[in-house]
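Take a look at the structure below.
The values are calculated or read from the model by the stated rules, or taken from the named source; none is laboratory data. Just so it is clear, the model here is predicted, and its values are computed rather than measured. Cβ placement follows ideal geometry from the backbone for every residue including glycine, while neighbour counts extend to all protein chains displayed.
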Amino acid sequence: MKTRGRIRAALGVSLATTLLAACGTGTGSGDDEVAAPKVGDFTGRGPISFVSGKDTTGTTPELIKQWNEQHPDQKVSFVELPEEADQQRQQYIQNAETKSDAYDVISVDVVWTSEFAAHRWIEPLPESEFGTDKMLDPVVEAAQYRGQLYGVPNYTDAGLLYHRTDLMKKAGFDKPPETWDEMREQCEEILTLPEAKGMSCYAGQFEKYEGLTVNFAESVQSAGGSIVGEDGKPALDTPEAKEGFSNLVDGFSSGMIAKEAITYEEETGRQAFQKGDLIFHRQWPYQYSMANANDGSSKVAGKFDVAPLPGVDGPGSSSLGGWNLAVSSFAKNKATALDFIKYMTTEQMQRDKLIDDGYAPSYAGLYEDKELIEEYPYLPELKESILTAEPRPRVVRYGDTTAAIQDEAYDALTGEKSAEDALSSLQSRLSGLVNGP
Ligand code: GLC
């Protein structure tokens, strides 16, 4: 196998939050009513910082070391923020509000793009200098605000249904479930196997943080609903939203979803899956390589595969995740910052990050690369999940929006409220936050 030596992986990053946008037509390319802002002034060379969520892969320091060897006068220092995206966002906002130049290149969750751009906390970038024309369209759009690029995709993310093929086979199932009903039926059979003793059917990320917003959004959209309707208004008072969200609420009350999952973030869920506690697990691509590790850290290596998330009448769809590299508006050495982003986001670099850490690349060509597909047969499936993924609400006040979703969803999952009451309260809370076009 290829590689620069597989570096111990682990997801470091986690979550996210925010944003802005869009009101209606606001994001994405093609919004020609709004004049594109002037691209930033990228002058100034010298030392810079690279700020991102906790890196448990071990990869980032090595990449920075290589850069520093080649750029002794423009050294990069690595600033690691907490693992949870919501906490990272707080620190970025604090930094921006004091106009501090402590942060130069920052790692931005796709859902923060609009908020950070609209507040001018990050610089508009010269898009033609990056390989965005070779990247998947929705991934690039998630890095744009009103048609202007504000971040360069570092990696993308889409949720997948990890499933235990060994147990499914034993119970007579040769295909992963496409719907929640099928998943429930498969679990009923599988859980009667002696090998499945003590296991739970399903888990996702249900702790009260950005991951819950992701799982909530996916439940609703996988039943044909959406958080914000085409008219730009909240759309949670629909039968689709109720049917989709009820899969989670009923999943918890019936025991189909592991009760511990109410505390799961990405890493805690991954550990449960790798220990063999779960038959089905909703997780990002990074888990694939780690759960397949043959160094004894995973009990499920070679025993699982991935598929699209389950829906109601057929497969569901993921929330679009991912992280972009942006230049803080308060940075001093912006020419260096821009060059460092170029260095970090080449096609070759994303190929390496897929191999070393399992991060999903944003370059379309890597999904067609025969050598990679041989090693990672799930790449075509992953590409499909990315292309069918839906963005989380692109609203100016994303921080408040995601907090409202997290509060209401959590109350229903913990039995404090019915699914219906939570949705109706969320519908009114969001009315003041996501505006019409
Ligand atoms: C992943 C995704 C990000 C999302 C977060 C939620 O890091 O890439 O977009 O917000 O998970 O936990």
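Inspection of the stretch 118-136 finds no residue satisfying the criterion of being under 19 Å from the mean Cα position of the chain (by Cα), modelled with pLDDT of 95 or more and under 15 Å from Val327 (Cβ atoms).
Val140 passes every criterion in (1) within 16 Å of the ligand (Cβ to nearest atom); (2) within 26 Å of Phe304 (Cα to Cα); (3) of a type in the set (Val, Ile, Thr) apart from (2).
Total residues in the stretch 65-84 satisfying the condition of being surrounded by 14 or more Cβ atoms within 10 Å (Cβ to Cβ), more than 25 Å from Ala403 (Cβ to Cβ) and touching a helix residue (DSSP H, G or I) at 6+ places or on another chain (Cβ under 9 Å): the figure is 6.
What are the residues in the stretch 146-189 that are hydroxyl-bearing (Ser, Thr, Tyr) and more than 16 Å from the ligand (Cβ to nearest atom), if any?
We begin by selecting, within the stretch 146-189, every residue hydroxyl-bearing (Ser, Thr, Tyr); these are 150, 155-156, 162, 165, 179.
Matches in the stretch 146-189: Thr165, Thr179.
All told, Thr401 meets the bar of being assigned by TED's automatic domain parsing to the domain that holds Gly244, within 21 Å of Ser222 (Cα to Cα) and β-branched (Val, Ile, Thr). Among the residues of the stretch 85-131, those that are away from the ligand (no atom under 16 Å from the Cβ), within 18 Å of Met344 (Cβ to Cβ), surrounded by 15 or more Cβ atoms within 10 Å (Cβ to Cβ) and in contact (Cβ under 8 Å) with a residue 40 or more places away in the chain comprise Tyr103, Asp104, Val105, Ile122, Glu123, Leu125, Glu129, Phe130, Gly131. Taking the conditions exactly as written (farther than 22 Å from Ala422 by Cβ, under 22 Å from the mean Cα position of the chain (by Cα) and within 14 Å of the ligand (Cβ to nearest atom)), does Gln287 satisfy them or not? Yes; evaluated as a whole, the condition is true for this residue. Taking Tyr150, is it out of contact with any Gly (no Cβ under 8 Å at 6 or more places or on another chain) and touching a residue at least 12 places away in the same chain (Cβ under 8 Å)? For Tyr150, the condition - out of contact with any Gly (no Cβ under 8 Å at 6 or more places or on another chain) and touching a residue at least 12 places away in the same chain (Cβ under 8 Å) - is met. Considering Leu366, Leu372, Leu338, Leu426, the condition of being among the aliphatic types (A, V, I, L, M) and either in a loop (DSSP other than H, G, I, E, B) or farther than 29 Å from Val152 by Cα (or both) is satisfied by Leu426 alone.
Going through (1) under 15 Å from Leu426 (Cβ atoms); (2) within 12 Å of the ligand (Cβ to nearest atom); (3) surrounded by fewer than 24 Cβ atoms within 10 Å (Cβ to Cβ); (4) not hydrophobic (A, V, I, L, M, F, W, C) one by one, Glu207 falls short only on (1).
Within the stretch 78-106, the residues that satisfy the criterion of being over 20 Å from Glu123 (Cβ atoms) and either at pLDDT 95 or above or part of a helix (DSSP H, G or I) (or both) are Phe78, Glu80, Ala85, Asp86, Gln87, Gln90. For the stretch 260-295, a tally of residues being assigned to a helix (DSSP H, G or I) and more than 21 Å from Asp181 (Cβ to Cβ) returns 18. Reported count of residues in the stretch 200-255, each being in contact with a helix residue (DSSP H, G or I) (Cβ under 8 Å, 6 or more places away or on another chain) and part of a loop (DSSP other than H, G, I, E, B), is 16.
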